[in-house]
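The values are calculated or read from the model by the stated rules, or taken from the named source; none is laboratory data. Note that the structure is a prediction, hence the values are computed from the model and not measured. Don't worry about glycine lacking a Cβ; one is built from the backbone with ideal geometry, like all the others, and counts go over all protein chains shown. Ligands, DNA and RNA are excluded from the accessible area calculation, which covers all protein heavy atoms including side chains. Shrake-Rupley method; radii C 1.70, N 1.55, O 1.52, S 1.80 Å.
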Amino acid sequence: MESVLLPSLLLVAAYPRGVSSHHEWRQSPPVPSGTSTPFLVRLSPELEAVPPGGSVWLNCSHSCPLPVRSSLRTQLRQGKTLSGSGWVSYQLLDVRAWNSKVRCVVTCAGETREATAMITAYSEGDRGSGRERPRSVIMEPPVLMGHKYTLRCYVIHVFPVGFLVVSLRRGGRVVYFESLERFTGSGLANVTLTYVMRAGPNDLWQPLTCHARLNLDGLVVRSSSAPVMLKVLALSPVSKAFASASIAALVGILLAVGTVYVRNSPPITASATAPSLETKLPTFKPIPGRNSATPTLHPLRCAVLPARLSITRATLASCVLPSPAAAAMPGPSPGLRQALLGLWAALGLGILGISGALRFHRGGPQAEPAFSRSAVALEPFWADLQPRVALVERGGSLWLNCSTNCPRPERGGLETSLRRNGTQRGLRWLARQLVDIREPETQPVCFFRCARRTLQARGLIRTFQRPDRVELVPLPPWQPVGENFTLSCRVPGAGPRASLTLTLLRGAQELTRRSFTGEPPRARGAVLTATVLARREDHGVNFSCLAELDLRPHGLGLFANSSALRQLRTFALPPIPPSLVAPRFLEVGSERPVSCTLDGLFPAPEAGVYLSLGDQRLHPDVTLEGDNLVATATATPSAEQEGITQLLCSVTLGGESRETQENLTVYSFPVPLLTLSEPEIPEGKVVTISCWAGARALVTLEGISAAVPGQPAELQLNATENDDKRSFFCDAALEVDGETLRKNQSTELRVLYSPRLDDSDCPRSWTWPEGPEQTLRCEARGNPEPSVHCARVDGGAVLALGLLGPVTRALAGTYRCTAVNGQGQAVKDVTLTVEYAPALDSIGCPEHIIWLEGTEASLSCVAHGVPPPSVSCVRSENEEVMEGPLRVAREHAGIYRCEAINARGSAAKNVVVTVEYGPSFEELGCPSNWTWVEGSGKLFSCVVDGKPEPRVECLGSEGASEGVALPLMSSNPGPRNPMTSSNLSPGIYLCNATNRHGSTVKTVVVSAESPPQMDESSCPSHQTWLEGAEATSLTCSAKGRPAPRVRCSREGAARLERLRVSREDAGTYQCVATNTHGTDSRTVTVGVEYRPVVAELAASPPNVRPGGNFTLTCRAEAWPPAQISWRTPPGALNLGLSSNNSTLSVASAMGSHGGEYECAATNAHGRHTRRITVRVAGPWLWVAVGGAAGGAALLAVGAGLAFYVQSTACKKGEYNVQEAESSGEAVCLNGAGGTPGAEGGAETPGTAESPADGEVFAIQLTAS
């Protein structure tokens, strides 16, 4: 039979990228009145799915009227941030976690509220690769190996793998499923599922499909493979032999019976009119939802035969003769009866042989009962269309499945005006994809032609369009406070209108809301208008329109969208004009402040100010205090504005303005001009002073006024030395608009004369002590100011006059001072004397003196100072004065104090006298015998007496230490590289001490010891014992010298002495090693492992009626933990196992679930099994009815076997992937093979479990 492949449909219950599936306000619990201002927080989209590594924008909005603080809390990496009034948008980058929670936290008036959203990253296989249809699930054709089939399914490019469930379906029924929750990888992966099964006759031509489902907390992604067929019956050798023998015996018996009957039956001649013959022949009608065709008997009459036609007795044996002549005909002979009985017996034996072979193939002679159930039902033919009612997004696509129960439909199809993309057909079904669906409502018709009748099924497809365009009419540029304005929102094309709701929002506050319930299904688009009163608090507020399309009653989500924000600008401008503050008079070229004030403005920062003086525009500085505006500027009038000038102030807000003006007087009044005939004049000459202040001003010079206004005032003077730097003053008066204004000016006269050196300003003799800072002054009078220069008479150093500086002895001497200016010069000699205290330097009195023991030496010091000082040296310890030469001994070493004294002070100095001598060893400082402890870090100390400090070096003289340097605590270990204290070699060493006055040698014997030490190799921290093994002590030893002693004790309770290891021996032990140099300890953890034991195997309930549920619980004790496996009765299906296989559950039990169940517990130390018997008992009435039905079915099996095999693969709904997805999932398992032991006993040595039918033996993950 030609195989039919149903296209793999990808059913994705996901929301479109970039658009949230829910756009609802998330409102926090109401706040009690009087405590705080209630506000809303919203984070959209609330659920978003992005590919791994992608990015997403989240918008956090709120309705808080006060300044707030908002933040986004997430583990994802944040990118750009955009903000506005009442909203903040955050960008999240590189989304790779499959599920991430994001929180937006807003604080308003001390109260904090939040909104949450979920971001999911997933991969849909080949989506985005450019293919027309994603093919992420591939089912290989089954491979027949022996009498079993191997099925292999591939799921390509999956992420995250831990949320994938792979299932195998046969004819729409789940035969196996596998959850991959144990895989926790974070990247794309390829999954391979391998399954082994034994196929029976019912499995021939049944479609096998593989389905993958990815469940991401509400986001469900499904995909399935193309179906494959089983075309070969996998029979065991025993089944083939049994069936062949039964068929051969049947054919032989039929031949023998026919031969005997023909020989013993003479021909019968019929009369002119033959009797009618009536028999029943089988015709077949498939029953929907069943996997077999049951025969229905229809009467067939014998036709009228010609008069001379010969009819054998075998032909008339099954005819009904209603005429009286038929009753007079002789009955069959005894031989005929025996032949007929043999025929029926052979037929029964053949049918029983075939059914027995099939039962044997399914799992043994006891796998099925001796009879089967059958039923005869007369049902009308029908056509079905799935889905009957669908809601599709405008422009989307949809697969429709059209099927019928007519066994041989003549033709069929799907009538619709929509565009079609592809069609798949089977014997009694067809699937068609409709694309680019744009009509609001259409009704496709599914039809089939069957037995001269037309079967029809009508569906309904409606489209919806998301509110992608939400338009809010622009607001006026400015709106006066207290006046009404209109808000108008338009949502074109969105629908159906009956599911649409429009909401006008002021910020987060809802102004009006309208639902269009009751509108016709074809209606699209909507308009909402509202009138709003402008308020002060509405200034800067964003108005928006929220459109919500609620399709949740139709199985979809809530689609929402908002319009662009429209900001309203309100204003209030008082009717009164602004007030001006300015001076009455403005002088040309002067700068004077002016100000303009207006109260009651809103919003004051948006107001514009224009301030001008005549034609000159001023640039004011605006200051705001609430609704009060103050504009301040600086007015600088020009000469052209002299006279009466207008000052103007205008305030503009919201397209309206208020202004005011004042008149000011601008005048010109220059500063008086005061001049000298000569600014600088030599002594004895005449100078003229003149003053003038304009044509209208009256001037006064040194108290002498001018004759009339506008004339200058003059004064003449004979210059002398006393007139130098004399000031002259001029005053001017001007009358403006009835007020008198005054200005004045002054100047200074300079008189030139030669220098003068007075004793008061430049003394002839100076005496200063050395050290303190002094100012050397020698000043001269004169104009211009003379320069004074003082230098040594012999042409030496020059004095820095007028500067503060330290006095040194180098400045002492006689200097000649000269004062010079443009009028002449003056000369004067001065003497400078510098006195200083004594000083002891390193040349005359060194700080350190070295004497050699046994030589002659003397101590003397020379000091410098003015006047010359006296010097004496005294020993610090006993005040002994050192005088004359002496014989040097070690006791002469010490500190001596030398002191110098004169009239200016004294100086003292300590002199250190060192006496040097050759080296020598002492036993206390450098012992002859030394013990080194390994790891202590201690070095050998060898202290040698000698000046200077001798250099000590110890070298091995024999044995392993020969030529090896011994490390010392001395700062000078010698020229050779010393070894560290961790690898010192014991032996005999020679120590040599040397300085510049001689050398000496000493012998030292070195021995080595070490403290205890334990590590992982000598004392493992984790040790494992086997229960029942011979008891031993812990394996622990220690290194050290002398040899340490090791003791191990258990923490807590002491360990009991036993011959065999017990579980109670497990615990923590403390092992301590000790010798004379210390201790070392280690903590050892002892674990005891033991063989598995099935401690409990129970059934609940123990006896089950057909259709009931029962559960088997298996509990095992073992360490390491045991693996649980089950062996079940052959043919038991739909079994469910817990995650650790400890619980086996059965729903809707049948007779095949009754029998013996075995639980096996296995670990590395052995295996233990335990059995339990479950009985599925039913009433005897069902047994009797089943027996009668089985007998009737045997008569029809032979004639209907071929048609049955051909028709089982075409039942309605077998290719309907949507119905298969919604069916219940089950697990098909068979018992494990092997040789079981006695109940409750361990596994027999040398045996192993064989692979069970239906066991999954390969789950493979590969990197994508």
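You will find that of D538, D599, the residue that is open to solvent by 30 Å² or more (accessible area, probe 1.4 Å) and among the acidic types (D, E) is D599 and no other. Looking at T632, T665, T652, just one residue is of a type outside the set (G, A, S), within 30 Å of C691 (Cβ to Cβ), assigned to a strand (DSSP E or B) and in contact (Cβ under 8 Å) with a residue 12 or more places away in the chain, and that residue is T665. From the list T1085, T1068, the one residue that fits, being modelled with pLDDT of 85 or more, part of a strand (DSSP E or B), touching a His at 6+ places or on another chain (Cβ under 8 Å) and open to solvent by 30 Å² or more (accessible area, probe 1.4 Å), is T1085. Does T463 fit the bill of being modelled with pLDDT of 90 or more, out of contact with any Phe, Trp or Tyr (no Cβ under 6 Å at 6 or more places or on another chain) and surrounded by 16 or more Cβ atoms within 10 Å (Cβ to Cβ)? Spelling it out, T463 is indeed modelled with pLDDT of 90 or more, out of contact with any Phe, Trp or Tyr (no Cβ under 6 Å at 6 or more places or on another chain) and surrounded by 16 or more Cβ atoms within 10 Å (Cβ to Cβ). Suppose we keep only residues that are touching a Pro at 6+ places or on another chain (Cβ under 8 Å) and either open to solvent by 60 Å² or more (accessible area, probe 1.4 Å) or outside any strand (DSSP E or B) (or both) within the range 435-451. Which one would you say is farthest from W399 (Cα to Cα)? Filtering the range 435-451 for residues that are touching a Pro at 6+ places or on another chain (Cβ under 8 Å) and either open to solvent by 60 Å² or more (accessible area, probe 1.4 Å) or outside any strand (DSSP E or B) (or both), the one farthest from W399 (Cα to Cα) comes out as R449. When the criteria are applied in full, F177 meets the requirement of being more than 26 Å from the chain's Cα centre (by Cα) and outside any helix (DSSP H, G or I).
Applying a threshold of 7 Å to beta carbon distances and a minimum spacing of six or more residues, or different chains, the list of pairs starting in the range 476-488 at a residue that is within 8 Å of L568 (Cα to Cα) and ending at one that is assigned to a loop (DSSP other than H, G, I, E, B) reads P477/R569; W478/R569; W478/G654; W478/G655; Q479/A534; Q479/L568; Q479/R569. If you check L565 against the conditions, is it modelled with pLDDT of 90 or more and of a type outside the set (F, W, Y)? Yes. Checked against the criterion of being free of Cβ contacts under 8 Å to residues at least 40 places away in the same chain, crowded, with 18+ Cβ neighbours inside 10 Å and basic (K, R), the candidates R411, R432 yield just one match: R432.
Going by the structure shown, is C1036 open to solvent by less than 50 Å² (accessible area, probe 1.4 Å), in contact with a Leu (Cβ under 9 Å, 6 or more places away or on another chain) and assigned to a loop (DSSP other than H, G, I, E, B)? Spelling it out, it is not the case that C1036 is open to solvent by less than 50 Å² (accessible area, probe 1.4 Å), in contact with a Leu (Cβ under 9 Å, 6 or more places away or on another chain) and assigned to a loop (DSSP other than H, G, I, E, B). The residue pairs whose first member lies in the range 527-543 and is at negative phi, whose second member is in a loop (DSSP other than H, G, I, E, B) and polar (S, T, N, Q), and whose beta carbons are closer than 6 Å, counting only pairs six or more residues apart or on different chains, are N542/S85.
The single condition among (1) farther than 30 Å from L460 by Cα; (2) free of Cβ contacts under 8 Å to residues at least 60 places away in the same chain; (3) touching a helix residue (DSSP H, G or I) at 6+ places or on another chain (Cβ under 7 Å) that D550 does not meet is (1). Any chance the range 503-514 includes a residue that's at pLDDT below 95, among the acidic types (D, E) and open to solvent by 50 Å² or more (accessible area, probe 1.4 Å)? There is at least one residue in the range 503-514 that is at pLDDT below 95, among the acidic types (D, E) and open to solvent by 50 Å² or more (accessible area, probe 1.4 Å).
The set of residues from the range 1021-1033 being in a loop (DSSP other than H, G, I, E, B) and either in contact with a Phe, Trp or Tyr (Cβ under 7 Å, 6 or more places away or on another chain) or open to solvent by less than 60 Å² (accessible area, probe 1.4 Å) (or both) comprises S1021, E1027, G1028, A1029, A1031. Out of T818, T831, T814, one residue alone is free of Cβ contacts under 8 Å to residues at least 24 places away in the same chain, assigned to a strand (DSSP E or B) and of a type outside the set (F, W, Y). It is T814. Number of residues in the range 744-770 that are hydrophobic (A, V, I, L, M, F, W, C), touching a Cys at 6+ places or on another chain (Cβ under 7 Å) and either under 30 Å from L698 (Cα atoms) or open to solvent by 40 Å² or more (accessible area, probe 1.4 Å) (or both): the value is 0.
Filtering the range 184-203 to residues that are of a type in the set (A, V, I, L, M, F, W, C) and at pLDDT below 75 leaves L188, A199. Condition test on D794, is it surrounded by fewer than 12 Cβ atoms within 10 Å (Cβ to Cβ) and in a loop (DSSP other than H, G, I, E, B)? The answer is yes for D794. The single condition from (1) open to solvent by 70 Å² or more (accessible area, probe 1.4 Å); (2) of a type in the set (A, V, I, L, M); (3) over 18 Å from N910 (Cβ atoms) that L886 fails is (1). Number of residues in the range 450-459 that are among the basic types (K, R) and at pLDDT below 90 equals 2.
Within the range 1009-1020, the set of residues being in contact with a strand residue (DSSP E or B) (Cβ under 9 Å, 6 or more places away or on another chain) and surrounded by fewer than 12 Cβ atoms within 10 Å (Cβ to Cβ) comprises just one member, E1016. Selection over the range 802-827 of residues that are surrounded by 17 or more Cβ atoms within 10 Å (Cβ to Cβ) and closer than 30 Å to R750 by Cβ gives a count of 6. A count restricted to the range 405-434 and to residues that are touching a Pro at 6+ places or on another chain (Cβ under 9 Å), closer than 12 Å to A457 by Cβ and assigned to a strand (DSSP E or B) stands at 2.
Of the residues contained in the range 384-400, one or more are found to be open to solvent by less than 30 Å² (accessible area, probe 1.4 Å) and either closer than 30 Å to G600 by Cβ or free of Cβ contacts under 8 Å to residues at least 60 places away in the same chain (or both).
Would you list the strands (runs of 3 or more DSSP E) that sit entirely within the range 674-766 and hold 3 or more residues that are of a type outside the set (S, T, N, Q) and over 26 Å from A826 (Cβ atoms)? The qualifying strands (runs of 3 or more DSSP E) are 686-692, 698-701, 713-718, 726-736, 739-756. Quick check on my filter: what residues within the range 576-589 are in a loop (DSSP other than H, G, I, E, B) and either modelled with pLDDT under 90 or of a type in the set (A, V, I, L, M) (or both)? Correct list: I576, A582, R584, V588, G589.
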